[in-house]
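These notes are about the structure you will find just below.
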Amino acid sequence: MTFVVTENCIKCKYQDCVEVCPVDCFYEGPNFLVINPDECIDCALCEPECPANAIFSEDELPKGQEKFLELNTELSAIWPNITQIGERPADAAEWDGKPNKLALLER
Ligand code: SF4
Ligand code: F3S
């Protein structure tokens, strides 16, 4: 079992999640973070920390977000590890809750 970062993280990238992860299994792209499903120990600590409510258990993924499990697997294999909160995007709040952000994902 793993937790999964979903679409609303894109362009919000608040990074509060990385501060609480006991196994440092977050990986950072230009405007999105992902979890490595093989490293996640399913502790659930990160889920309530995300201001954008973008983190879900894999068995509770909202409708339409199922594809993000595969995306977390794929991108965590190629993106660098992140363990400390960095600078948040200045316009993060403006993007929180916007639909159809997947097309804006930068790799
Ligand atoms: Fe890390 Fe726990 Fe979140 Fe998994 S559920 S990503 S181990 S904080
Ligand atoms: Fe993204 Fe939420 Fe973490 S917006 S970077 S999953 S705190």
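The values are calculated or read from the model by the stated rules, or taken from the named source; none is laboratory data. None of these values were measured; they are calculated from a predicted model. So basically every Cβ, Gly included, is an ideal-geometry build from the backbone, and we count neighbours across all protein chains shown. Side chains included, ligands, DNA and RNA excluded: accessible areas come from the protein's heavy atoms. Shrake-Rupley method; radii C 1.70, N 1.55, O 1.52, S 1.80 Å.
Couple of notes before you dig in:
- Considering the range 1-28, the residues that are more than 6 Å from ligand 2 (Cβ to nearest atom) and assigned to a strand (DSSP E or B) include one that is most open to solvent (accessible area, probe 1.4 Å), namely E28.
- Test: F68 is within 14 Å of ligand 1 (Cβ to nearest atom), crowded, with 22+ Cβ neighbours inside 10 Å and either without any contact (Cβ under 8 Å) to a residue 60 or more places away in the chain or among the β-branched types (V, I, T) (or both): no
- Checking each residue in the range 1-18 for being touching a residue at least 60 places away in the same chain (Cβ under 8 Å) and of a type in the set (F, W, Y) picks out only Y14.
- Scanning the range 88-99 for residues that are within 9 Å of K11 (Cβ to Cβ) and exposed (fewer than 13 other Cβ atoms within 10 Å of the Cβ) gives D91, E94.
- Scoring L102 on the criteria (1) of a type in the set (A, V, I, L, M); (2) over 10 Å from E7 (Cβ atoms); (3) surrounded by 14 or more Cβ atoms within 10 Å (Cβ to Cβ) leaves a single failure, condition (2).
- Set side by side, the residues Q15, Q65 differ, and just one is closer than 19 Å to D91 by Cα and among the polar types (S, T, N, Q), which is Q15.
- Residue match in the range 36-44 (condition: within 13 Å of ligand 2 (Cβ to nearest atom), farther than 13 Å from L102 by Cβ and out of contact with any strand residue (DSSP E or B) (no Cβ under 8 Å at 6 or more places or on another chain)): no
- Residue match in the range 89-107 (condition: in a loop (DSSP other than H, G, I, E, B) and touching a strand residue (DSSP E or B) at 6+ places or on another chain (Cβ under 6 Å)): no
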